[in-house]
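Here's the structure we're looking at; comments come further down.
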Amino acid sequence: MSNDYSSPVLIKHKFLTPGVFVLIVLAVNGLVFLMGRFFFGLGAVTHLNNQYPWGLWIGVDVAAGVALAAGGFTTAALGHVWHKEEYHLIVRPALLTAMLGYTFVAFGVFVDIGRWYFIWHPLIMWNGTSALFEVGICVMIYLTVLYIEFLPIVTERFIGNVNLPGFLSRMNKPVDRLLRVLDRGLSKTMFIFIIAGIVLSTLHQSSLGTLMIVAGYKMHPLWQTPVLPLLFLLSAIAVGFPMVIFESILASRSFGLKPEMHILSKLGSMIAPLLGVYLAFKIGDMFIRKTFVYLSEVNTASVMFTIEVLLGVIIPLRMFLSPKVLKSPGLLFTAASLVVLGVLINRINNFIVAYSPPYSLHSYFPAFGEFSVTIGLIAILILLYRVIVMNFPVISLPGKQKAAQTKYTIKGTK
């Protein structure tokens, strides 16, 4: 780690800003429609039906959410498996983004299930031949692993700072001792959870592709391919570092901090080869199956496929090969944003655009309520990120700003 940066600290910054107020409004709007979904059913706020049993909430909230949370396992592999010590600076923010992202994914599944109160069934009703079962189990286990990986940040935050009020004060020393025991135990076993997290991520990232293979002829040939699980995995790996860059620069701007360009530029230099491998497999598969003929037709599928590959892969690939882009926060953020957008469009294409059931009377387009819930959940995710980094040691600051760290009690008062 660079000597210019301190250990992770609490961010001392004003919480309520005009942007935060906008996020709160979006979150409340989403929660209103969410209540409508639970009280009156899916049909009250969505355009889902028997022909289109899933839509925006699965395509974006789940499939795209899983892919865009890949920064957690890619940075964990970089920092802990390959022992690139200089990247430890970004491991905690990436871990937090992944933890919140997978929480968002799990809640998205909960919202989308018709009988949401049966979401616990996969825990006891196993179906080993189901791709969706494998995805569900892996996501549940990996989400648990992410919370365990976050526990050392919690223990670091409260060890020596436990100050419970009133009659609970007698519990200060026992709680502190418990935190210290937990911290020591985690320090000796964390490598198990890190390895488990990386393995689980590779499993369910690819299994989401397997899920769409099951759709068979219902998917457009531009996306329906036997190597779809591999393409899903490669795209998730390729978007891991861009998502870290995207999140890091946004957080820096939001809190008035200097971007960690000495780390982000190095990350950026690794992205072009990853995008190149993904593009080679995607284009190679297209020529092997000769599905390029469908690009000669001007329709929604061909246009969306072109946008996905050109805007989300080819243009950022060229940008990440430029030293000028790697040295500029603005250009680096733009390139990373394009990759994030490309993977988002890819998941929308696979789960929504490419999916065309037989005998459907009309095409699917999300209802206003579906957009509201998705945008509202994203707003809540951003607000939670802001709350956590202001109250837990997640982000590292330049050494001269180390004084910004503030001691808090477990109650949350200064």
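Based on alpha-carbon centroids, what's the gap between the range 124-168 and the range 102-117 in Å, whole number please? Between the Cα centre of the range 124-168 and that of the range 102-117, the gap is 17 Å. The string of couplings for the range 140-152 from the Karplus curve (6.51, -1.76, 1.60, θ = phi - 60°) is 4, 5, 5, 4, 4, 4, 4, 5, 5, 5, 7, 4, x Hz, one whole number per residue in order, with x for Gly and Pro. Taking amide hydrogens as placed 1.01 Å from N in the peptide plane, the amide H of LEU397 sits under 5 Å from those of SER6, VAL9, each at least 5 positions away in sequence or on another chain.
Loop-located trypsin sites (Lys or Arg not before Pro) in the range 20-122 (DSSP state not H, G, I, E or B) with no more than 10 neighbouring Cβ atoms inside 10 Å: ARG115. Close amide-amide hydrogen proximity is noted between TYR355 and HIS220, each under 5 Å apart and 5 or more residues distant or on a separate chain (H modeled in the peptide plane; Pro and chain starts excluded). In percent, rounded to a whole number, the relative contact order of the range 5-404 is 35, using alpha-carbon pairs under 8 Å and six or more apart. For the range 109-124, putting each phi into the Karplus relation 6.51 cos²θ - 1.76 cosθ + 1.60 with θ = phi - 60° gives couplings of 5, 4, 6, 7, 5, x, 9, 4, 6, 9, 5, 7, 4, x, 5, 10 Hz, in residue order, rounded to whole numbers and with x for Gly and Pro.
Springs between Cα atoms under 10 Å define the GNM used for the chain, and in it the highest mean-square fluctuation of VAL298, VAL145, VAL62 occurs at VAL298. For the pair the range 219-253 and the range 176-211, the centres of their Cα atoms are 22 angstrom apart.
Taken together, the values in this text are just the output of simple stated rules run on the coordinates, not laboratory data. Here the structure is a predicted model, which is why all the values come from computation and not from measurement. Counting neighbours? That spans all protein chains shown, and the Cβs are built from the backbone with ideal geometry, glycine included.
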